[in-house]
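S.K.: What follows is a structure written as structure tokens; I'll ask about it next.
Rule-based calculations on the coordinates, nothing more; no lab input. Computed from a predicted structure; not experimentally measured. Cβ placement follows ideal geometry from the backbone for every residue including glycine, while neighbour counts extend to all protein chains displayed.
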Amino acid sequence: MPVDHTRIYRWVQKYAPELDKQTRWYRQVPDWQASSWRVDETYIRVGGRWCCLYRAITAGGQTLDFYLSSKRNVAAAKRFLAKAVRSNASAGYLRVINADKAPCLARAIAELKSEGICPPTVEHR
């Protein structure tokens with residue numbers, strides 16, 4: 001039975017969020033690793049277009065979350081960090097976010113603190 005690549009793409013779009021919800025509990029990170037995050041963004045080429053890949057990892061090297069965006073700005077960084085904080089709230093208390101000198105990340109963290117999404121005691125390094 002031949003299967004078209006667009007059908008597989010639609011299956012991924014339909015079932016990936018549900019699969020992520022169902023398996024997130026099994027991918028929990030130990031508390032001692034979840035308190036310190038390393039956040040980075042890089043450009044990658046997807047389908048011939050440049051996209052920005054945001055990624056958060058723990059001190060132990062486990063990937064907490066990622067986000068692929070067509071733009072590298074404060075809105076994209078804020079959306080990624082809010083998603084990462086919400087989805088990893090049960091993993092432990094977030095203490096430190098280590099990031100590069102990208103101004104969009106610093107501003108996004110400050111805005112999330114003021115909105116109450118990110119704990120106000122989080123230190124940005």
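S.K.: What is the Rg over Rh value, at two decimals, for the chain, using alpha-carbon atoms and the Kirkwood definition of Rh?
M.R.: Using only Cα positions, Rg/Rh for the chain is 1.02.
S.K.: While we're here: What does the helix-only formula give at 222 nm for the chain: each DSSP H stretch with n ≥ 4 adding -39500 (n - 2.57), the total divided by the residues, and the result rounded to the nearest 500 deg cm²/dmol?
M.R.: Taking each H run of at least 4 residues, the total per residue is -12500 deg cm²/dmol.
S.K.: Report, in degrees rounded to the nearest 10, the 0 to 90 angle that the Cα long axis of helix 74-87 makes with the longest principal axis of the chain.
M.R.: The angle comes out at about 90 degrees.
S.K.: While we're looking at this one, here's another question. Using alpha carbons only, how many degrees (0 to 90, rounded to 10) separate the axis of helix 5-23 from the longest principal axis of the chain?
M.R.: Tilt relative to the chain: about 40 degrees.
S.K.: How far is helix 103-115 tilted, in degrees, relative to the longest principal axis of the Cα atoms in the chain, given as a value from 0 to 90 rounded to the nearest 10?
M.R.: 70 degrees
S.K.: Output wanted: per-residue J couplings in Hz (rounded whole) for the range 50-67, from phi through Karplus 6.51 cos²θ - 1.76 cosθ + 1.60, θ = phi - 60°, x for Gly and Pro.
M.R.: 7, 10, 9, 9, 8, 9, 10, 10, 8, 5, x, x, 7, 6, 7, 6, 8, 8
S.K.: Distance in nm between label sites at Ile8 and Trp50, each 7 Å beyond Cα in the beta-carbon direction?
M.R.: 2.9 nm
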